[in-house]
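Encoded as structure tokens, the structure appears first; notes follow it.
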Ligand SMILES: Cc1cc2nc3c(=O)[nH]c(=O)nc-3n(C[C@H](O)[C@H](O)[C@H](O)COP(=O)(O)OP(=O)(O)OC[C@H]3O[C@@H](n4cnc5c(N)ncnc54)[C@H](O)[C@@H]3O)c2cc1C
Ligand code: FES
């Protein structure tokens, strides 16, 4: 059965969020903390916020960013962190923002990762895709609760992160995953750290002895070709896999249809689904790549 879809756009907060901190954390990669209580209180793993620079029209449209983690002011959730890679018009301008500046933010949006009972949760990230996965790890290892009311999904026995990037300098805040208790494994295309090759090479290596398909669940986020390869890897082994699609978005709230992906229904027929309201997380076996 297809999981019920909830449109979070109706209840998303729209606010001018103060920048609390903004630091470079890896090659061309920045971590920004926003003071945005209504987003921090509600966000669950795999959800995102649309960010826009106020009082300017270039770029005009907001961009989607996964909520990396949330922090409290000692009483209740107040701050949300985002980690982004500088590569286009918006992220280049965002890198110039200073603490004390304001950013327009609306969220949390989208349907995030489900929380099935699983012994072994395997997180698979490509490039900057780890941003969608930290809250999932922390929640499933019993370190944190997210959402309003806060949800408490069944704990996973263990969480492994397999993360692939171009080179060693691209890995940002790896220690957040280690501190959460994840077993972290890295792969780089240039061999500068970890396994030399793609994240699928890393999966082959880690699970060379086989994988218990009934006790394992994969949550994946990264560039589309990488997610397609991971989905194929999981399907070949009968392992359940969810992917968080990073389709470009214009509105983030279901109006413009910029973000559609082809998703199969229960009968195996596909139709276009809006990643911003019906995703970004989908069962990998339903995605028409
Ligand atoms: C749900 C969701 C969560 C995301 N979370 C993060 C995050 O946590 N951190 C992060 O760094 N990025 C994240 N992204 C991606 C980010 O929103 C885009 O990279 C955004 O376009 C960057 O804006 P820009 O103006 O800098 O680049 P743009 O000018 O928009 O794009 C620069 C170049 O990248 C291409 N491009 C843009 N977006 C995509 C895409 N999604 N897939 C393939 N090519 C693309 C464009 O065609 C262009 O060539 C997320 C995307 C989605 C949908
Ligand atoms: S981004 Fe506009 S409908 Fe999804």
Restricting region 262-285 to residues that are away from ligand 2 (no atom under 12 Å from the Cβ) and buried (at least 19 other Cβ atoms within 10 Å of the Cβ), the residue that is farthest from residue 116 (Cα to Cα): 263
Residue match in region 235-242 (condition: within 30 Å of residue 57 (Cβ to Cβ) and modelled with pLDDT of 95 or more): no
Scan of region 56-68 for residues that are within 6 Å of ligand 1 (Cβ to nearest atom) and buried (at least 20 other Cβ atoms within 10 Å of the Cβ), ordered by number: 63, 64, 65, 66
Strands (runs of 3 or more DSSP E) within region 56-157 that include 3 or more residues closer than 19 Å to residue 173 by Cβ and touching a strand residue (DSSP E or B) at 6+ places or on another chain (Cβ under 8 Å): 69-72, 77-85, 120-126
Members of region 132-184 found to be over 24 Å from residue 49 (Cβ atoms) and within 16 Å of ligand 1 (Cβ to nearest atom), listed by number: 164, 166, 169
Complete set of residues in region 30-51 that are in contact with a helix residue (DSSP H, G or I) (Cβ under 8 Å, 6 or more places away or on another chain) and surrounded by fewer than 22 Cβ atoms within 10 Å (Cβ to Cβ): 30
Residue 49 within 16 Å of ligand 2 (Cβ to nearest atom) and at pLDDT 95 or above: yes
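Every residue, every condition in (1) in contact with a helix residue (DSSP H, G or I) (Cβ under 8 Å, 6 or more places away or on another chain); (2) away from ligand 1 (no atom under 12 Å from the Cβ), yes or no:
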{"position": "70", "(1), (2)": "yes, yes"}
{"position": "76", "(1), (2)": "yes, yes"}
{"position": "94", "(1), (2)": "no, no"}
{"position": "97", "(1), (2)": "no, yes"}
{"position": "100", "(1), (2)": "no, yes"}
{"position": "110", "(1), (2)": "yes, no"}
Residue that is over 26 Å from residue 155 (Cβ atoms), at pLDDT below 95 and within 16 Å of ligand 1 (Cβ to nearest atom), where the choices are 267, 246: 246
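The values are calculated or read from the model by the stated rules, or taken from the named source; none is laboratory data. Just so you know, these numbers come straight off a predicted model, no measurement behind them. Note that each Cβ is placed from the backbone with ideal geometry, even for glycine, and that neighbours are counted across all protein chains shown.
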